[in-house]
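To start, the structure itself, in structure tokens.
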Amino acid sequence: MNNFRYNVVTDVRFGKRSILQLKEVVELYGGKNILIVYGGGSIKKNGIYDDVVSVLKDCNVCELSGIEPNPDISKVREGAKICKEKNIDCIVAVGGGSVIDTAKCIGAGAYYDSDPWDLVEDGSKIGKVLPIIAVLTISATGSEMNKNAVISDKTRNIKLGTSSLDFIPKAAICDPEYLYSLPSIQTAAGTADIMSHIFEQYFRKDTGATVSDHIAEALLKTCIEYCKVAIDEPKNYEARANLMWASSLALNSLISCGKEGAWSCHPIEHEMSAYYDITHGIGLAIITPRWMRYILNDSNVSKFAQYGRNVWDIRESDDKKCAESAIDKTENFFKECGIPMTMKEVNIDSSKYEIMAEAAVRNNSLDKAFVPLNKEDIVNIFRMCE
Ligand code: NZQ
Ligand code: ZN
């Protein structure tokens, strides 16, 4: 097992009506002048907005709404300006990854004198960050407990990740009932995203970090057990609660402790959503099983067989057959959850395969991935998704 630093600072307030603790949390970690950041309006329909405003009625509250999926830098610029003008001392992000990531960059932009896009391009420029408090409304990215933010410049088809330990939300309010209004496709895409985060950390060169791998397997089993339940019964508390906690644990550094290496499917998907603005989790579901089939070889077959046996309970003694069956099961699972599984279904044709593959290689460390990938490999994987 490699040496590691595990630093998770988020004070998680999990459970029914945990929103009632928001005031206390804001007093502990924030202040009086609050900026609430939210998306396109779902929180106004499902009552979460009313909850937040009523709990914060004694604070000085400003709002920034209209954060879109695959959030654009323009909203970060707008938010940073508000923070400077209104002397904001804490940001409450009410939403999913798009809203929380935007809030993180606004929090850094508030202390930055130049264009906040610099902070997206180069995380080392991130200095002080306003405290971020997340009120989570979708189980997917883990942004509520991690140091990452992913922001796009939609005018230039660029989508980049940046990070800072100071981006980790100081607190996260996680009420599984807030997920009841999620459309099935968002439940499914969010679960595909959680599973992909786990795969990205599970499929690494073996370092003997068995504890991380077994936690990862348990989280994958949880996603498989509850995703369809949440789709069939959107108000099933147990399903929502387990998916919500799985999303946080899948990407708060826990399961990469003792492991090193770079990600594979996310760099590829980020280019798909940069050029086509598709839902992140859908892009990942399309890429993941094809990537698995493409990279499967003699030296990694035992890891895929381990995945098959420990996650899918496949009783097959031949490693290759077990691995192939696990990959088929992964693809079928996404299909059964209602996710469109081909490029055609999400209106992506082959015209930008080369540009996207080139950008994926340029913007990431795919040469250090579980199986190193070059531009040609990525184009081949895109073709397998047709
Ligand atoms: O905008 P509203 O109206 O709120 O609707 C949202 C949005 O359309 C809707 N939604 C959220 N909660 C809801 C709800 N609808 C009904 N009821 C609710 N309770 O869901 C849609 C998707 O929201 P979004 O925030 O975009 O989803 P997600 O959490 O999947 O975030 C995706 C973004 O995060 C980035 C992705 O690339 C993408 O930009 N990622 C961030 C990461 C991180 N910070 O660690 C890592 C990830 O790998 C990922 O790259
Ligand atoms: Zn993701």
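The values are calculated or read from the model by the stated rules, or taken from the named source; none is laboratory data. Since the structure is predicted, the reported quantities are computational estimates derived from the model, not experimental observations. Note that we place each Cβ from the backbone using ideal geometry, even for glycine, and neighbour counts take in every protein chain shown. Ligands, DNA and RNA are excluded from the accessible area calculation, which covers all protein heavy atoms including side chains. Shrake-Rupley method; radii C 1.70, N 1.55, O 1.52, S 1.80 Å.
As an exercise, identify the trypsin sites (Lys or Arg not before Pro) in segment 57-110 lying in DSSP coil whose Cβ has no more than 11 other Cβ atoms within 10 Å.
LYS57
Rounded to whole Å, give me the distance from the Cα center of segment 9-50 to that of segment 252-315.
32
Heavy atoms only, probe 1.4 Å: what % of the accessible area of segment 182-384 goes to carbon and sulfur, would you let me know?
Result for segment 182-384: 48 percent of the exposed heavy-atom area is carbon or sulfur.
Top mean-square fluctuation among LYS205, LYS147, LYS344, Gaussian network model of the chain, C-alpha springs under 10 Å?
Top of the fluctuation ranking is LYS344.
For the chain, just run the numbers: alpha carbon Rg, then divide by 2.2 N^0.38 Å, N being how many residues it has.
Against the empirical 2.2 N^0.38 Å value, I get 0.95 for the chain.
Under the Karplus relation 6.51 cos²θ - 1.76 cosθ + 1.60, θ = phi - 60°, what is the ordered set of whole-Hz ³J(HN,Hα) values for segment 289-302, x standing for Gly and Pro?
My calculation for segment 289-302 gives x, 5, 4, 4, 5, 5, 8, 4, 8, 4, 7, 10, 4, 5 Hz in order.
At a Förster radius of 22 Å, what calculated FRET efficiency corresponds to the Cβ-Cβ distance of LEU165 and ASN3, to the nearest 0.05?
For LEU165 and ASN3, the calculated efficiency is 0.80.
Can you pick out the pairs among LYS205/LYS368; LYS57/LYS170; LYS128/LYS170; LYS75/LYS154; LYS205/LYS303; LYS259/LYS303 whose Cα atoms lie more than 19 Å from each other?
Those over the limit are LYS57/LYS170.
Take the chain, connect every pair of alpha-carbon atoms lying under 10 Å apart with a spring to form a Gaussian network, then pick out the residue of ILE168, ILE36, ILE314 with the largest mean-square fluctuation.
Looking only at ILE168, ILE36, ILE314, the largest GNM fluctuation is found for ILE314.
What does a probe at TYR180 reach in segment 1-21, counting residues whose amide N is under 12 Å from the point 7 Å along Cα→Cβ?
Counting backbone N atoms under 12 Å from the label point, the list is 16-17.
Sorted by accessible area with a 1.4 angstrom probe, largest first, how do VAL25, VAL9, VAL150 fall?
VAL9, VAL150, VAL25
Quick check: at a probe of 1.4 Å, how many percent of the accessible area of segment 11-178 sits on carbon and sulfur atoms?
C and S fraction of accessible area: 47 percent.
Amide H to amide H, which residues 5 or more places from ASP72 or on other chains are under 5 Å from it, using H placed in the peptide plane?
The list, which skips near neighbours in sequence, is SER152.
Once you put a point 7 Å from the Cα of GLU336 and another 7 Å from the Cα of LYS320, both along the Cβ direction, what distance in nm separates them?
2.7
As a test of understanding, state the convex hull volume per residue of segment 184-265 from its alpha carbons, in Å³.
75
Over what distance in Å are the Cα centres of segment 141-171 and segment 107-136 separated?
10
Can you compute 3J(HN,Hα) from phi for each residue in segment 221-235, using the Karplus curve 6.51 cos²θ - 1.76 cosθ + 1.60 with θ = phi - 60°, rounded to whole Hz and x for Gly and Pro?
Ordered by residue, 3J(HN,Hα) equals 4, 5, 4, 5, 5, 10, 4, 5, 4, 5, 6, 6, 10, x, 9 Hz.
Using only the alpha-carbon atoms, how far is helix 353-363 inclined from the longest principal axis of the chain? Give it as 0 to 90 degrees, nearest 10.
60
Can you tell me the 0 to 90 degree angle between the C-alpha axis of helix 265-276 and the longest principal axis of the chain, rounded to 10?
Taking the Cα atoms of the chain, the angle to 265-276 is about 60 degrees.
With a point put 7 Å past each Cα toward its Cβ, work out how far ASP298 is from GLU345 in nm, to one decimal.
3.6
Give the accessible surface of segment 93-173 per residue, rounded to a whole number of Å², with probe radius 1.4 Å and ligands, DNA and RNA excluded.
Here the residues of segment 93-173 average 29 Å² of exposed surface.
Going by amide H atoms built from the backbone, whose H comes under 5 Å of the H on CYS62, apart from near neighbours?
Under 5 Å from the amide H of CYS62 lie the amide H atoms of ILE34, LEU35, ILE36, each far enough along the sequence or on another chain.
Enumerate the aspartates and glutamates that LYS84 could reach by cross-link, defined here as Cα to Cα under 15 Å, with residues fewer than 8 away along the same chain left out.
GLU63, ASP113, ASP115
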